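Working notes, beginning with the structure itself.
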Amino acid sequence: MAVAEVVFRKLDELTDDEVYAAYAPPEPDWLRVNFVASADGAATLEGLSGPLSGAEDKRVFKVLRARCDVLLAGSGTVRAEGYGPLVLSAERMAWRRSQGLPEVPVMAIATRTASLDPASGIFTEAPRRPILICPADLPDSRVEPFREVADVVAVGTGAVDYAAAVAALRERGLRQILCEGGPHVFGDLIAAGLADELDVTISPKLVGAGPMRIAEGAPAEEATPLRLRHVLEAGGNLILRYVRGSSDE
Ligand SMILES: NC(=O)c1ccc[n+]([C@@H]2O[C@H](COP(=O)([O-])OP(=O)(O)OC[C@H]3O[C@@H](n4cnc5c(N)ncnc54)[C@H](OP(=O)(O)O)[C@@H]3O)[C@@H](O)[C@H]2O)c1
């Protein structure tokens, strides 16, 4: 079998169209995960991803957002990173229109306990009605306050059943799923064998011990082989695109 070609490029030599093309999804149903990590494997610096990140990987981050039907994030990330309503720049919305997509993706928030504020902007100012993903056995008193501001996908017992959640998103026509973490959601997606792609930026920093890795929580029973599709370099960052599959496919 031929070894698939890996592309190595400097990000700032690529046009926006080339960056969009570099992240074309291989299949109509696709779940990609995007993270930034330090060179020594930390998912956070001072409790946030922001200090690991910069304009370079943000360019890719925005293209990935523009390409998805639904942006999935865990409540830990929504709270820590202070996620507001999902909005895109005029250029990104224009690109989506040119592709026949609605101007903005839907926001989906996964939570075990619904420990979020239904009055926060992520719900009340959302251009498209968000989706709250939670376990089916969560007491209705916890879920009820969200029904006015979000659709509720209640799947799993004691924890979100991510396979069922992904199926529910696809049933709504939300087939291109971008997950921005956090580490516990990613750990669950890996354990459930649901991650088709990992886009990870290796940031040129040593953070040291302490912070989480990009995947946490329940261990996976087996490793998922990945195939490297490209390496983009920008400002000492390595912006890597891995897709599910072995390197000799
Ligand atoms: N480096 C990066 O690119 C990056 C990306 C994203 C986040 N982060 C960082 O990661 C940190 C947050 O990490 P995290 O792992 O706590 O965030 P997370 O994965 O977004 O969310 C964890 C939350 O998800 C819920 N959860 C966890 N496991 C669950 C399960 N099995 N079923 C249902 N819900 C479940 C819980 O929600 P409830 O509390 O609502 O019960 C938990 O608090 C922040 O410091 C953030 O800055 C870094």
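The values are calculated or read from the model by the stated rules, or taken from the named source; none is laboratory data. Please read these numbers as outputs of a predicted model, since none were measured by experiment. Glycine gets a Cβ as well: all are built from the backbone with ideal geometry, and neighbour counts include every protein chain shown.
Assorted remarks:
- Residue in the range 92-110 that is outside the structural domain of residue 215 (by TED's automatic domain parsing) and near the ligand (Cβ under 9 Å from one of its atoms) present: yes
- The one condition from (1) within 11 Å of the ligand (Cβ to nearest atom); (2) crowded, with 16+ Cβ neighbours inside 10 Å that residue 218 does not meet is (2).
- In the range 66-90, residue farthest from the ligand (Cβ to nearest atom) [restricted to those that are more than 19 Å from residue 116 (Cβ to Cβ) and touching a residue at least 60 places away in the same chain (Cβ under 8 Å)]: 69
- When the range 11-53 is limited to residues that are among the β-branched types (Val, Ile, Thr) and in contact with an Asp or Glu (Cβ under 9 Å, 6 or more places away or on another chain), the one that is nearest to residue 94 (Cα to Cα) turns out to be 33.
- Beta carbons closer than 7 Å, at least 6 apart along the sequence or on distinct chains, pair a first residue in the range 108-120 that is under 14 Å from residue 161 (Cα atoms) with a second that is near the ligand (Cβ under 6 Å from one of its atoms) and assigned to a loop (DSSP other than H, G, I, E, B) for 110/160; 112/159; 112/160.
- Looking at 229, 213, just one residue is of a type outside the set (Asp, Glu), more than 16 Å from the ligand (Cβ to nearest atom) and surrounded by fewer than 20 Cβ atoms within 10 Å (Cβ to Cβ), and that residue is 229.
- Taking the range 149-167 as the range and being within 16 Å of the ligand (Cβ to nearest atom), under 20 Å from residue 68 (Cβ atoms) and in contact with a Leu (Cβ under 9 Å, 6 or more places away or on another chain) as the test, the residues that pass are 150, 153, 162, 163, 165, 166.
- The range 208-239 - residue that is among the hydrophobic types (A, V, I, L, M, F, W, C) and out of contact with any helix residue (DSSP H, G or I) (no Cβ under 8 Å at 6 or more places or on another chain) and, of those, nearest to residue 48 (Cα to Cα): 209
- Checked against the criterion of being in a helix (DSSP H, G or I), without any contact (Cβ under 8 Å) to a residue 24 or more places away in the chain, over 16 Å from residue 179 (Cα atoms) and more than 17 Å from the chain's Cα centre (by Cα), the candidates 5, 18 yield just one match: 18.
- Looking across 3, 63, 19, 36, one residue alone is away from the ligand (no atom under 13 Å from the Cβ), hydrophobic (A, V, I, L, M, F, W, C), in the same structural domain as residue 232 (by TED's automatic domain parsing) and modelled with pLDDT of 95 or more. It is 19.
- Checking each residue in the range 37-52 for being out of contact with any helix residue (DSSP H, G or I) (no Cβ under 8 Å at 6 or more places or on another chain) and surrounded by fewer than 19 Cβ atoms within 10 Å (Cβ to Cβ) picks out 39, 40, 41, 46, 51.
- In the set (1) under 21 Å from residue 168 (Cβ atoms); (2) out of contact with any Cys (no Cβ under 6 Å at 6 or more places or on another chain); (3) touching a residue at least 60 places away in the same chain (Cβ under 8 Å); (4) not aromatic (Phe, Trp, Tyr), residue 104 fails one condition alone, (3).
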